[in-house]
Amino acid sequence: MTAEYDVIVIGAGPVGENVADRAVQGGLTVALIESELVGGECSYWACMPSKALLRSGEAVRAAQRLDGAKEAVSGSVDVAAVLRRRDAFTSRWDDSGQVEWVASAGIELVRGHGAITGEREVTVRPADNGSAADAAPSVLRARHAVVVATGSAALLPDIPGLAEANPWTNREATSTEQIPPRLAIVGGGVIASELATAFASLGSQVTVIARSGLLSGQEPFAGELVGDSLRELGVDLRLDTSPTAVERTEDGLVRITTDGGDVVEAEEILVATGRVPRTSDLGLDSIGLEPGAWLETDDTLLVLGADGSPLAGDWLYAVGDVNHRALLTHQGKYQARAAGDAIAARANGTALRDEPWGRHVATADRAAVPQVTFTDPPVASVGLTAAAAEKQGLSTRVVDFELGDIAGASLHADGYRGSARMVVDEDRGVLVGVTFAGPDVHELVHSATVAIVGEVPIERLWHAVPSYPTISEIWLRLLETYGRSNEQVE
């Protein structure tokens, strides 16, 4: 069977859904291909279930930090109730609701595994293990564009015995029905830190084995605060340590040997050491690209060839994790909106706004990527760290302030601990990076994102008055620490 559409999207996670929706709104016909659950990694094995596992413990600890509330808290987190709540957010791994939305948006869903078999051509084979697997493949042809939105998968490092030990990745961890008495986590990044917090809250004795510090890509104080909190939860942090061998014993335990000669035993081992692109079986070799590689794009999300220019015909796009620009769901959806609109503009012959910050580009990927790490305390950041700004050669000034010294923070939690940092480009007088780490700082990051995207001058920020007494008053304290212009008013 052969069918023709204006656009073919491979991968029906939130990123693929968004690019398909934008293309349909631009008047194009779209086929959306998915081999697993419609809604993708974020809905079923990452963002949503992990945050559901984290939230109950966070709420209990927040109450325990406040006189008058802590007296009302007794007992511990109800694990069964937390898992039921997690199941509700994943729709119990049933994608019927997502499928209904796809149909309502005018997008045609095609179940199966899609692979590129030529220019603007995708062949779809059934993904079932049953009799349908013998069905003939379908060939889909795109009049205008093929979009790869297949995301990323957990990286399994080359550690002797690891693969044979049946390790958990984020998928097994976020969908588990049993909380292991002991859990070893290999890695120190966002996923490792979040899941260490979650499982410690749910009663596991957690050991984290990380070859460097925690959250090494963020400001140093963030990892330090999170590390202190994890230790308070009883987590055994083995930093600057690497596993050298892993063994699953006959009685089902995992035994991990480290480069220091220590042995860590646990019922399960979770690997969170990075991500790899889901491109190994996409047929990239049929169009001269390397299978298993990240797909480099320009800012309109067109895939670039080996020579650094878009493939002939400007027909192949890559959005979300698979292009390695910013491995975050919200950033992938942002890319999807830009790409879907760009595809529609090119197809309809309308003007392409591809200048920086234009409608059809993902400029923020390079300048203003916001991220919240849902540890306890959470870390909320956007833009460049001080180290990254220095590496880029910017002339910067770094301003720090303790969040606990803010009136709103002291009201929010007794003994509030947290820090804030802003990085100022002195040549332009604008912010290029902001980081907050402390209880309930999640919602502060969007104001920082707006300031960076809008390139709001520091002098203008003085007129954005924070409400008192809220934690947002941190903005005033950062500005006061930075200092106001000495220009005299006549």
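The values are calculated or read from the model by the stated rules, or taken from the named source; none is laboratory data. Since this is a predicted model, take the numbers as computed values, not measurements. Quick reminder, even Gly has a Cβ in these numbers, built from the backbone with ideal geometry, and neighbours come from all protein chains shown. Areas reflect the complete protein model, heavy atoms only, side chains present, ligands, DNA and RNA absent. Shrake-Rupley method; radii C 1.70, N 1.55, O 1.52, S 1.80 Å.
Listing for the model above:
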| item | result |
| --- | --- |
| Calculated over segment 43-97: convex hull of Cα atoms, volume per residue (Å³) | 77 |
| Heavy-atom accessible surface of segment 155-196: percent carbon and sulfur, 1.4 Å | 56 |
| Counting DSSP beta bridges with both ends in segment 65-217, the antiparallel % (nearest 5) | 65 |
| Net charge contributed by nearby residues that have their C-beta within less than 12 Å of S56 (K/R +1, D/E -1) | +3 |
| For segment 238-330: Kirkwood Rh in Å [reciprocal of mean 1/r, alpha carbons] | 16.5 |
| Segment 246-385, relative contact order in percent, only Cα pairs under 8 angstrom and at least six apart counted | 13 |
| Spread of Cα-to-Cα distances over 10 Å intervals beginning at zero, given as percent, for segment 23-158 | 10, 26, 28, 17, 11, 6, 1 |
| Only Lys, Arg (+1) and Asp, Glu (-1) charged, at Cβ; segment 38-172 dipole about Cα centre in debye | 360 |
| Antiparallel bridge percentage (DSSP; both residues within the chain; nearest 5) | 60 |
| Relative contact order [Cα under 8 Å, 6+ residues apart], segment 350-397, whole percent | 20 |
| Cα Rg, Dmax, segment 210-364, angstrom units | 21.8, 65 |
| Per-bin percent of Cα-Cα distances, the chain [20 Å] | 21, 51, 26, 1, 0 |
| The chain, relative contact order [Cα under 8 Å, separation at least 6], % | 14 |
| Cut-off 14 Å between beta-carbons: net charge of the residues surrounding L140, Lys and Arg +1, Asp and Glu -1 | -1 |
| Estimated vicinal HN-Hα couplings, Hz - segment 384-392 in sequence order (Karplus 6.51, -1.76, 1.60; Gly, Pro = x) | 8, 6, 4, 5, 5, 5, 5, 4, 7 |
| Heavy-atom surface of the chain, accessible at 1.4 Å and reported per residue (Å²) | 45 |
| Rg over Rh [alpha-carbon atoms, Kirkwood Rh] for segment 320-474 | 1.03 |
| In Å, descending, principal axis extents of the Cα set of segment 177-253 | 42, 28, 18 |
| Expected-Rg normalisation [2.2 N^0.38 Å, Cα atoms] applied to segment 1-82 | 1.81 |
| CD proxy at 222 nm, helix term only [per DSSP H run n ≥ 4: -39500 (n - 2.57); per residue of the chain; nearest 500] | -8500 deg cm²/dmol |
| Kirkwood hydrodynamic radius over Cα pairs of segment 393-468, then Stokes diffusion coefficient at 10 °C and 1.306 mPa s, in µm²/s | 119 |
